[in-house]
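First up is the structure itself, then whatever we jot down about it.
The values are calculated or read from the model by the stated rules, or taken from the named source; none is laboratory data. These numbers come from a predicted model, not from an experiment. With ideal geometry, Cβ positions are generated from the backbone for all residues, glycine too; neighbour counts draw on all protein chains shown.
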Amino acid sequence: MKAGHAEVRTFFLDRDGTLNAKPPDGRYIGHPAELILLPGAAEAVRELNAAGRRVVLVTNQRGVARGLMTGADVAAVHARLAALLREHDAFLDAVYVCPHEVGECGCRKPLPGLLTAAMRDFRDIDPADSVMIGDTESDVMAGKAAGTLTVLLQGPGKPPANTVADMVATDLRAAVGLLLTSSKSGCVSKGGFV
């Protein structure tokens, strides 16, 4: 964790590949039935909720810009996500979506616009005690640009990638477990793999 800070208070989470199964390249989750939670993801969010941490979803959904789905489709998928999380007594505090094509905005990750929008809406979010967790380097770059700690999720059995992330973890539950435990002890090791 960044020097001088002992507790991560805000968790920015990517969606596809972090909370739910990622569709194949070039495909998008445009219907609620297509959204399948990853093992342990709901439990990780529940742990964050129980610990009093803010959980903010930040997701690129350029399928909207490409005409493959509508904003209403994305909202329906997020309603399904919220329902699945509720089944595990878990919830998201906020959801931020970039529906734009590459190069059309300042909110599409790896740019930090989704995170900075949340920071404007929730004035008590401090990037110094926040983390961005996702499964791609663009998630990591967005977190870095916003000034947060970063965690790259790589899946079980994979060696740490060449990444600028502060930490690498196998999945969301491992990342949350490490960050909550480290927050209690006052330290998070840079470059760790869990």
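Comparison of 135, 139, 89, 73 shows that the only residue that is among the acidic types (Asp, Glu), in contact with a Gly (Cβ under 6 Å, 6 or more places away or on another chain), under 19 Å from residue 173 (Cβ atoms) and at pLDDT 95 or above is 135. If we scan region 158-167, do we find a residue that is crowded, with 16+ Cβ neighbours inside 10 Å and part of a helix (DSSP H, G or I)? For region 158-167, residues crowded, with 16+ Cβ neighbours inside 10 Å and part of a helix (DSSP H, G or I): absent.
Within the option set 47, 101, being among the acidic types (Asp, Glu) and surrounded by 16 or more Cβ atoms within 10 Å (Cβ to Cβ) holds for one residue only, 47.
Is it fair to say residue 116 is of a type in the set (Ser, Thr, Tyr) and either surrounded by fewer than 14 Cβ atoms within 10 Å (Cβ to Cβ) or out of contact with any Cys (no Cβ under 9 Å at 6 or more places or on another chain) (or both)? Before the answer, list the steps.
Working: of a type in the set (Ser, Thr, Tyr): yes; either surrounded by fewer than 14 Cβ atoms within 10 Å (Cβ to Cβ) or out of contact with any Cys (no Cβ under 9 Å at 6 or more places or on another chain) (or both): no.
The answer is no for residue 116.
Could we say that residue 41 is over 17 Å from residue 95 (Cβ atoms), in contact (Cβ under 8 Å) with a residue 60 or more places away in the chain and not basic (Lys, Arg) here? Full working, then the answer.
On the way: over 17 Å from residue 95 (Cβ atoms): no; in contact (Cβ under 8 Å) with a residue 60 or more places away in the chain: yes; not basic (Lys, Arg): yes.
No.
Out of the residues in region 58-117 meeting the condition of being among the polar types (S, T, N, Q) and within 16 Å of the chain's Cα centre (by Cα), tell me which one is farthest from residue 31 (Cα to Cα). It would help to see each step written out before you state the result.
Here is the first cut: in region 58-117, the ones among the polar types (S, T, N, Q) are 59-61, 70, 116.
Filter again for within 16 Å of the chain's Cα centre (by Cα), leaving 59-61, 116.
Working: 59: 16, 60: 16, 61: 13, 116: 28 Å.
Restricting to residues being among the polar types (S, T, N, Q) and within 16 Å of the chain's Cα centre (by Cα), the top hit is 116.
Out of 62, 66, one residue alone is surrounded by 14 or more Cβ atoms within 10 Å (Cβ to Cβ), out of contact with any Pro (no Cβ under 6 Å at 6 or more places or on another chain), modelled with pLDDT under 95 and farther than 23 Å from residue 174 by Cβ. It is 62.
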